[in-house]
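Derivation of every value follows stated rules applied to the coordinates shown; laboratory data play no part. Just so you know, these numbers come straight off a predicted model, no measurement behind them. Cβ coordinates were reconstructed from backbone atoms using ideal geometry, including for glycine residues, and neighbour counts include every protein chain displayed.
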Amino acid sequence: MFRRSLILSLSVFFLACGSDEAADDSASDGPAVEDMTTAQRLESLLSTLAADSMEGRRTGTPGAQRAARFLAQELGSYGIEAAGDNGYFQTVPMVRMTVETPNGPRERLVMETDAEMWDTISPGQILQTEVNVVGVIRGADPDVAHEAVILGAHYDHVGIGTPVADEAGVLDSIYNGADDDGSGTVAVLEVARVLSRGAPPRRTVVILLSTGEEMGLLGTRYYIENPIIPMENTVADLQVEMIGRPDDAVGGFGHAWLTGFERTTMGNQLAEAGSPIVADPRLDQNFFFRSDNIAFARLGIPAHTLSSFNLHGDYHQPSDEVDKIDFDHMAVLVEATVEAVRFLADGPTPEWNPGGTDGLNLGN
């Protein structure tokens, strides 16, 4: 308990100080936020989140910490209730370790609960500032307000790595992750902004911007162990990941697909409501198992990821840049996501279809 308390105290200190220009990049001389179109707001947000100053948002780096402060600042500006242990920040205790691999020693981050012999770890290995950014929009219906729908995206990426030459021959070593998953993260911000200005949902909506997805769903796993609303009262999870470019396989502009569409009733419910969200066309890629939704699904919670990833070659490359994002396409999908979250929060809860839990090893 002492070590956990020390971590929390230090995280409050480090996250509260260290102001830098990256966290304030959202301020501009352009039009006020409310005067912008949805596409313009998304471009403004993503231009900050995927800027070089964020250093690729690798978990455990100052860039990721800047990103967390920026995201918390945005949620605060929308008037959304903070739901972390320090404002919007939910501290995720991590340990930096070195492991041997066939390619030599590599750095690995693990959660406290995964670290063997925690009491023998040196203070220098402990990361005090890794956080999920969490807000909550309370449900208004007393009959179901205790139930929660999670709307999430992971804000981390892979950081600074091997330099790669662009089309002009210029080397770039910052893996900005504009599509992965900057696009999903800013979409969730915009959805949260819209929801906060409309009629309160019947169920509670948890806004979960998680860290450490690229390192093993660390932030999501920690949230599950320390939820805002108990997991047994969480009725659905919808993640948004890589919606920055249209996918011709599902109709191109303004269309998206849902991982595990066939597994629960959520997909058909959305389709019947006129949503442009369709089934994942690439089941061979196993996308259902490759994002934060899988951690919730393994608890028996209907959980999916919304995406329009078209298998572009910029995935996990420095070339995943803001100038390749179609913000008008994103704006349409933000509207569809607002409608989907409204449907989940106000309508019938999704259920598993027969065979929908195959391969999940529920509870493990």
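With the highest mean first, a sort of the peptides 102-113, 161-172 on other beta-carbon atoms found within 10 angstrom per residue produces 102-113, 161-172. Quick one, what does Rg over Rh come out to for the stretch 58-207 if you take C-alpha atoms and the Kirkwood Rh? Reported Rg/Rh, Kirkwood definition of Rh: 1.06. One way to sum up the overall shape of the chain is the equivalent ellipsoid from its Cα gyration tensor, whose semi-axes run 28, 25, 22 Å, largest first. Remark: the Cα gyration tensor places the stretch 178-229 in the oblate category, a/c being 1.5 or greater and a/b not exceeding b/c.
Over all directions, average the projected area of the Cα convex hull of the stretch 176-326 and note it in nm².
Dividing the Cα hull surface by four gives the mean projection, 9.4 nm².
In terms of its C-alpha gyration tensor, the stretch 304-344 comes out prolate, because a/c is 1.5 or above and the ratio a/b outweighs b/c. Between the alpha-carbon centres of the stretch 309-324 and the stretch 249-288 there is a gap of 21 Å. For Asp237, the residues 5 or more places off, or on other chains, whose built amide H falls under 5 Å of its own are Ile150, Ala303, His304. Once you divide the Cα radius of gyration of the stretch 154-194 by 2.2 N^0.38 Å, the number left is 1.50.
For the peptides 309-317, 134-142, what is the packing order when you average, over each peptide's residues, the other Cβ atoms within 10 Å and list the highest mean first?
Going from most to least packed, we get 134-142, 309-317.
For the peptides 86-93, 34-41, residues were scored by their other Cβ atoms within 10 Å and the scores averaged per peptide; the highest-first order is 86-93, 34-41. Applying 1/(1 + (r/R0)^6) with r as the Cβ-Cβ distance of Ala271 and Ser122 and R0 = 56 angstrom yields a FRET efficiency of 0.55.
Scanning residues 5 or more positions from Asp85 or on other chains, those with amide H under 5 Å from its amide H are Gln90, Thr91, with H placed 1.01 Å from N in the peptide plane. From its DSSP helices (H runs of at least four residues, each -39,500 (n - 2.57)), the chain gives a residue-normalised ellipticity at 222 nm of -8500 deg cm²/dmol. Computed from backbone phi, the HN-Hα couplings of the stretch 99-111 come to 10, 7, 10, x, 9, x, x, 9, 6, 9, 9, 10, 6 Hz, rounded to whole numbers (Karplus: 6.51 cos²θ - 1.76 cosθ + 1.60, θ = phi - 60°; Gly and Pro given as x). Rounded, prolate or oblate for the stretch 287-364? Axes are the square roots of the Cα gyration tensor eigenvalues, ordered a ≥ b ≥ c, and the cut-off for rounded is a/c under 1.5. Oblate, because a/c is 1.5 or more while a/b does not exceed b/c. When you filter the chymotrypsin sites (Phe, Trp or Tyr not before Pro) in the stretch 245-307 for DSSP loop state and at most 16 other Cβ atoms inside 10 Å of their Cβ, you are left with Phe253.
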